[in-house]
1. Given the options Ser105, Ser65, Ser30, state which has the largest fluctuation in a GNM of the chain using a 10 Å cut-off (strictly under) for Cα springs.
2. Please report the antiparallel percentage of DSSP beta bridges with both residues in the chain, rounded to the nearest 5.
3. Across region 182-199, in residue order, what do the Karplus-derived ³J(HN,Hα) couplings come to in whole Hz, using 6.51 cos²θ - 1.76 cosθ + 1.60 with θ = phi - 60° and x for Gly and Pro?
4. Looking at (i) 56, 37, 32; (ii) 51, 37, 31; (iii) 40, 36, 34, which value of Cα extents along the principal axes in Å comes from a calculation on the structure shown?
5. So for the pair Arg179, Ala75, with labels modelled 7 Å out along Cα→Cβ, what separation do we get in nm?
6. Mind running the shape call on region 70-161? Use the C-alpha gyration tensor, a ≥ b ≥ c as the square roots of the eigenvalues: rounded below 1.5 for a/c, prolate if a/b tops b/c, oblate otherwise.
7. Provide the gained length on full extension for the span Ala172 to Ala68, in nm with one decimal, where the gain is 0.36 nm per separating residue minus the Cα-Cα distance.
8. Any idea of Leu149's accessible area? Nearest 10 Å², probe 1.4 Å.
Amino acid sequence: MTGINDPGTVPHPPEIHGHGLTLRRWDPASETDVDAWLRGHADPEFRRWNTPIRAVTDTASARESLAAKAADAGAGRATTFCVTAADDGTVLGQISVNAIDRVLSNAVVGYWVLPEARGRHVATRSLLLAARWAYDEVGLHRLELGHALGHGGSCRVAERCGFRYEGTVRGAMWEEGRRDAFRDVHLHGRLATDPEPQGP
């Protein structure tokens, strides 16, 4: 018998389709996936706004990071999707549903887009898909989205996807490239009962 907080009850679909995208699992054994993961983390724009817990600096650390993401998914703690173009499978970025709490029925979403895929609403489209999966398939009630203060692009993605601005959280994120200093975060939230945003 499973309990309400049994992480094994979090579904992980092979693929999610919609808005011209396919969300699928990352494959730590795939050279294409490892290369895309490494390029995403090495991108200066990514590094400006994010300081990952696990540093990704080379092929080996990229593969280890993806293996850790797969373990998190298997344990029901988080689900990280590879965002690809629906027509040809080109990797465009990632979208994740993290810190899944089945008792409080909430989680935290995060995303990044490869440089060559920007300007095409990839983050918006993938967030709409991932949020709908989290509400309909996982059964969550609330999703949170936090971004560093000043990250206007991420703020616009949140608003387009129905994540309302709820306030500024002080010192909630590491400063760029540091683990000993902190910066403020804009907090956005969306409930399963909120109106469904119109896609791009």
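The values are calculated or read from the model by the stated rules, or taken from the named source; none is laboratory data. Given the structure is predicted, the values throughout are model-derived calculations rather than measurements. Reconstructed Cβ throughout: ideal geometry from the backbone, glycine too, with neighbour counts over all protein chains shown. Just the protein is used for accessible areas: all its heavy atoms, side chains included, with ligands, DNA and RNA removed. Shrake-Rupley method; radii C 1.70, N 1.55, O 1.52, S 1.80 Å.
1. Checking each option, the largest mean-square fluctuation is seen for Ser30.
2. Numbers: 36 of 40 bridges.
The antiparallel proportion sits near 90 percent.
3. For region 182-199, the Karplus-derived couplings read 10, 10, 7, 10, 7, 9, 10, x, 9, 9, 4, 8, 5, x, 6, x, 7, x Hz, x marking Gly and Pro.
4. Recomputing Cα extents along the principal axes in Å here gives the entry labelled (iii).
5. 1.7
6. Numbers: a/c = 1.89, a/b = 1.32, b/c = 1.43.
Oblate, because a/c is 1.5 or more while a/b does not exceed b/c.
7. 35.1 nm
8. 90
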